[in-house]
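Below is one structure; the comments refer to it alone.
FYI, it's all coordinate maths here, none of it is from the lab. In this text the structure is predicted, and so the values were computed from the model without any measurement. Ideal geometry is used to build each Cβ from the backbone, glycine not excepted, and the neighbour counts take in all protein chains shown.
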Amino acid sequence: MTRVIALTTFQKNLKKILEELKESADRFIITLDGKPVGGLVNCKDLEKLEKHKKPEGLAAVIGKWQDFEEVEENITKIVESRSKEKNRAIPF
């Protein structure tokens, strides 16, 4: 069951809510000023969610291109080159 709870109520009852999570599959949507800002699930549900998480960015293409090793080598060279430059971020 999914329960909606205000942030202030969540803060006041955190220990009780965590105890409930250990015993049930309830999920909590936490709201701030009536708008959802986060969620809380038990560890078992979190593991399930992470198993089904699809890779994004370059991680999503690894193994899908023929001769990917060549692409991987070029990316590695670019990262090494950029990391030597000062104040040059390397976002991933």
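Numerical summary
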quantity	calculated
Modelled FRET efficiency - R0 41 Å, S81 with V37, Cβ distances, 0.05 increments	0.55
Modelled FRET efficiency - R0 22 Å, L18 with K53, Cβ distances, 0.05 increments	0.40
Taking R3, R27 and counting other C-beta atoms within 10 Å, the order from fewest to most	R3, R27
Partners for K35 among lysines (Cα-Cα distance below 20 Å; same-chain residues under 8 apart left out)	K12
Given K51/K84; K22/K48; K15/K48, the pairs whose alpha carbons are separated by over 26 Å	K51/K84
